[in-house]
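The next block holds one structure in the form of structure tokens; read it before the comments.
Computed from the coordinates by the stated procedures, all read-outs in this text should not be read as laboratory data. Not measured: the values here are computed from a predicted model. FYI the Cβ positions are ideal-geometry reconstructions off the backbone, even for glycines, and counts take in every protein chain you see.
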Amino acid sequence: MRKPFVAGNWKMNMDGESSIALVKGIAAELDGDIRERVDVAVCPPFVYLAEVVSAARSTGIAVGAQDLYFEKNGAFTGEISTAMLKDVGCNYVLCGHSERRHVIGETDELINKKVTAAISGGLLPILCVGELLEQRDAGKTEEVVEKQIRAGLAGLNEARAMAVTIAYEPVWAIGTGRNATPQQAQEVHAMIRGLLAEMYGQKLAEQTRIQYGGSAKPDNAGELLRQPDIDGLLVGGASLKADSFAAIFRSV
Ligand code: PGA
């Protein structure tokens, strides 16, 4: 049985004060049995990670970073290593978010190095995949997602791949208010699970959590989460307010 996993991606938003207030607001909503039923994480900007980790202590909220660099240390100005993220208390890290792929220009090869470095350093990567609108319209969704997953997980054996959460985020649905329908999302999630089974066997495929992301909101979360292969959500805009984020994780 896969425990649902809802993560908030704050992107380049918030400041120190509002970050702490948001974590406290989320913590207040993560009470009683809901904590047993869902894993909740927040991914703030790097500079607020330490404060957020400290505010999240004993609340059941896990903390993730939005990115990392694959080298251990050295002359990589502006970059952040796995060890640094572990040191400030992160558990998770997003790898290959669509904004990093399509705005910053990250390649599958770079993303694979990041996923690999995250696992080696003891972090749990959330590998983000998803097609552009023109790729969906051209009927290439499965091909694109399969390529991103095969490349993102390249070189990982089953034991290491177990650490990975997949987030399927159709790029046309991110920040646009236009979410994939639960059926559209379920179709791709089922395909991803089948691919994982082919790559690693049934056990890993059944244990791996596959999140949906792209305009997830309180009013569509329940229906998305009811799909058999949707195991959680990666939430952008709606994770910036405690009440909307809580309404989302409370709908599991
Ligand atoms: P959104 O972002 O919920 O604002 O569409 C999701 C994401 O980019 O992870």
Can you name the residue in the range 46-78 that is hydrophobic (A, V, I, L, M, F, W, C) and in a loop (DSSP other than H, G, I, E, B) and is also farthest from residue 31 (Cα to Cα) among such residues? 75
Of all residues in the range 199-252, which are among the acidic types (Asp, Glu) and under 17 Å from residue 174 (Cα atoms)? 219
Here the residues within the range 166-193 that are among the β-branched types (Val, Ile, Thr) and either part of a helix (DSSP H, G or I) or in contact (Cβ under 8 Å) with a residue 12 or more places away in the chain (or both) are 166, 171, 174, 176, 188, 192
Could you give me the residue pairs with C-beta distances under 8 Å whose first residue belongs to the range 11-33 and is in contact (Cβ under 8 Å) with a residue 40 or more places away in the chain and within 13 Å of residue 244 (Cα to Cα), whose second residue is exposed (fewer than 14 other Cβ atoms within 10 Å of the Cβ) and acidic (Asp, Glu) wherever it lies, and which are 6+ apart or on separate chains? 25/243; 29/243
Checked the range 23-38 for anything in a loop (DSSP other than H, G, I, E, B) and exposed (fewer than 15 other Cβ atoms within 10 Å of the Cβ); matches are 31, 32, 33
Where in the range 79-165 are the helices (runs of 4 or more DSSP H), entirely inside, with at least 1 residues that are within 16 Å of the ligand (Cβ to nearest atom) and in contact (Cβ under 8 Å) with a residue 40 or more places away in the chain? 108-120, 141-152
Those residues of the range 225-252 which are more than 14 Å from the ligand (Cβ to nearest atom), among the small types (Gly, Ala, Ser) and within 23 Å of residue 12 (Cβ to Cβ), in sequence order: 242, 246
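Residues checked against (1) surrounded by 21 or more Cβ atoms within 10 Å (Cβ to Cβ); (2) under 21 Å from the mean Cα position of the chain (by Cα); (3) closer than 18 Å to residue 91 by Cα:
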position: 5; (1), (2), (3): yes, yes, yes
position: 40; (1), (2), (3): yes, yes, yes
position: 69; (1), (2), (3): no, yes, yes
position: 73; (1), (2), (3): no, no, no
Hits in the range 194-224 - residues which are in a loop (DSSP other than H, G, I, E, B), within 16 Å of the ligand (Cβ to nearest atom) and of a type in the set (S, T, N, Q): 215
What number of residues within the range 143-162 are under 17 Å from residue 121 (Cβ atoms) and among the charged types (D, E, K, R)? 1
